[in-house]
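Structure first, commentary second.
The values are calculated or read from the model by the stated rules, or taken from the named source; none is laboratory data. Just so you know, these numbers come straight off a predicted model, no measurement behind them. Cβ sites come from the backbone with ideal geometry, for glycine too, and all protein chains shown count toward neighbours. Only protein heavy atoms, including side chains, enter the accessible area calculation; ligands, DNA and RNA are left aside. Shrake-Rupley method; radii C 1.70, N 1.55, O 1.52, S 1.80 Å.
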Amino acid sequence: MKRTKIKDILLSEQTDYAVNVKGWVRSFRNNQFIALNDGSGIGNLQVVIGLDTDETLIKRITNGASISVDGMVIPSLGKGQKVEIKADSITILGDCDPEQFPLQLKNRPSLEYLREIAHLRFRTNTFGAIFRVRHTLSYAVHKFFNDRGFVYLHTPIISASDAEGAGELFRVSTLPFDNPPRNEDGSINYKEDFFGRATNLTVSGQLEAELGAMAFSEVYTFGPTFRAENSNTARHLAEFWMIEPEVAFNDIYDNMDLAEDFIRYIIAYAMEHNREDLDFLANRLAEEEKQKPQAERSELGLIEKLEFVLNNKFERITYTDAVNILIDSPANKKKKFQYEIKWGIDLQSEHERYLVEKHFKKPVIVTGYPKEIKAFYMRQNDDGKTVAAMDILAPGIGEIVGGSQREERLDKLTQRMSEMHIPAEEMYWYLDTRRFGGVPHAGFGLGFERIVQFVTGMTNIRDVIPFPRTPKNAEF
Ligand code: ATP
Ligand code: MN
């Protein structure tokens, strides 16, 4: 018989039909009741086995074992579920030694512990919910852009440019580490490397996406990005996924509207399609909050927070206003900030969080940053001091989006590049977009894991990506 998914059986609530289900045993009570899960949803299916079931078979029905069940779907007498399966036959697909299986623990295993056990993580309720939500969000990303006529552009993973000029690059090379070919001055001769030049893993697909936007008008990328930043924070990964739309003819205001619409759309999509998972995660978070001192607890639960974002426009302020708010803030007067706040600095995480969590209590879009702290491609404002940048800051996370209107004026762009010591010759292919029918355009980058964090309420970014890569950690 063909396998039926557990989620479909639980959803339909129909009874009196024969099915086959397959999955992993979550618990086995009284030698009679199996809670079975196949990952299709958070709900387990109760399988009731006959009292005459063979002893040796019963011994093999252990937590974590995989089984196949043929039986009838019947109304359930127990509470907690409307339907259950009366098993006619059970086959063990994979044994699971109860002595060695670590998920016997009655106390809930910690997130840190689960991070160390690759196979186990996905089988827990928490991570099952997180990664189903992550899946839905990524589907919603494509649906949002597809429905609006954007072209999904696959930008390269191996790249010769450092878009941000941040210098946190992973080198890609086939040269021998122990004895690389050298130039006369002793530096490594990358002309002999695989690509005939120095290459690295991409930190952003933006520059390439800009070329696409100059032909398709609306493009987006959604791919892995790599940054060798040695920061062990709860919101940085060395390998993360980024969504980068780039739109011809858009200015900074269109860009803000697009980002807001986009974020609301994917959140609403997850609320509609993963409600059970989100309710589970909301309860998990509520329990976690109870452990915290009163003052640190968030006022809104997870679902309320998401609904709040759906129903309220983001606050929009300039960098200059943001700095003034921070300077005048009670937190600053009480010297609560570790980093000094004054015009010209890059806002630190503590400043960003004060703005969104204490002052505005909602997501905030900050525009008009000083040009010194932003990338060369951002459009210069008429004041000569600021650029048309926009960062979106979210409660609990900080920056989730960084974007800008791009500098479309060739002379201003090359002038800024030379000020920032970015070699224009190497970037000829990028500058060509400004030479041959360039147009005003704008785009942004949204860190996918940061939005998954926001939607699932997980505080550590390592818990929202299946196989996290962080400093000193790439075991599996
Ligand atoms: P941050 O200040 O948080 O390091 P950034 O200014 O370096 O961010 P951008 O270069 O603007 O970030 O990248 C665009 C988006 O990518 C960010 O808004 C964020 O959501 C995400 N992002 C950046 N770095 C990381 C990282 N190391 N891990 C996960 N997401 C990241
Ligand atoms: Mn960064």
Selection over the stretch 434-446 where residues are among the charged types (D, E, K, R) and surrounded by 12 or more Cβ atoms within 10 Å (Cβ to Cβ) yields a count of 1
Checked R450, R435, R409 against criteria (touching a strand residue (DSSP E or B) at 6+ places or on another chain (Cβ under 9 Å), farther than 18 Å from V219 by Cα and away from ligand 1 (no atom under 16 Å from the Cβ)); the one match is R409
Counting only helices (runs of 4 or more DSSP H) wholly inside the stretch 268-346, the ones holding at least 2 residues that are within 30 Å of N381 (Cβ to Cβ) are 319-328, 330-333
From the option list G64, G78, G94, single residue qualifying as under 18 Å from R26 (Cβ atoms) and open to solvent by 30 Å² or more (accessible area, probe 1.4 Å) is G78
Scanning the stretch 218-231 residue by residue, those within 10 Å of ligand 1 (Cβ to nearest atom) and either acidic (D, E) or crowded, with 19+ Cβ neighbours inside 10 Å (or both) turn out to be T225, F226, R227, E229
**Asked** Would a scan of the stretch 415-433 turn up a residue that is under 18 Å from F249 (Cα atoms), in the same structural domain as E299 (by TED's automatic domain parsing) and open to solvent by 10 Å² or more (accessible area, probe 1.4 Å)?
**Response** yes
task = Evaluate the stretch 434-450: report whether one residue or more is among the hydrophobic types (A, V, I, L, M, F, W, C) and modelled with pLDDT under 95.
result = no
Of the residues in the stretch 249-281, those that are touching a strand residue (DSSP E or B) at 6+ places or on another chain (Cβ under 6 Å) and open to solvent by 50 Å² or more (accessible area, probe 1.4 Å) come to D251
When A234 is run through (1) assigned to a helix (DSSP H, G or I); (2) within 16 Å of ligand 1 (Cβ to nearest atom); (3) aliphatic (A, V, I, L, M); (4) farther than 20 Å from S138 by Cβ, the failure sits at (1)
The residue that is nearest to ligand 2 (Cβ to nearest atom), considering only those in the stretch 343-394 that are free of Cβ contacts under 8 Å to residues at least 24 places away in the same chain and surrounded by fewer than 22 Cβ atoms within 10 Å (Cβ to Cβ), is Q348
Practice problem: Confirm whether E340 is open to solvent by 40 Å² or more (accessible area, probe 1.4 Å) and within 26 Å of the chain's Cα centre (by Cα). | Solution: no
Listed by first then second residue, the pairs whose first member lies in the stretch 442-471 and is within 15 Å of I392 (Cα to Cα), whose partner is aromatic (F, W, Y) and open to solvent by less than 10 Å² (accessible area, probe 1.4 Å), with beta carbons under 8 Å and at least 6 positions apart or on separate chains, are L446/F262
Note: among L201, L211, just one is closer than 18 Å to T155 by Cα and within 20 Å of the chain's Cα centre (by Cα), namely L201
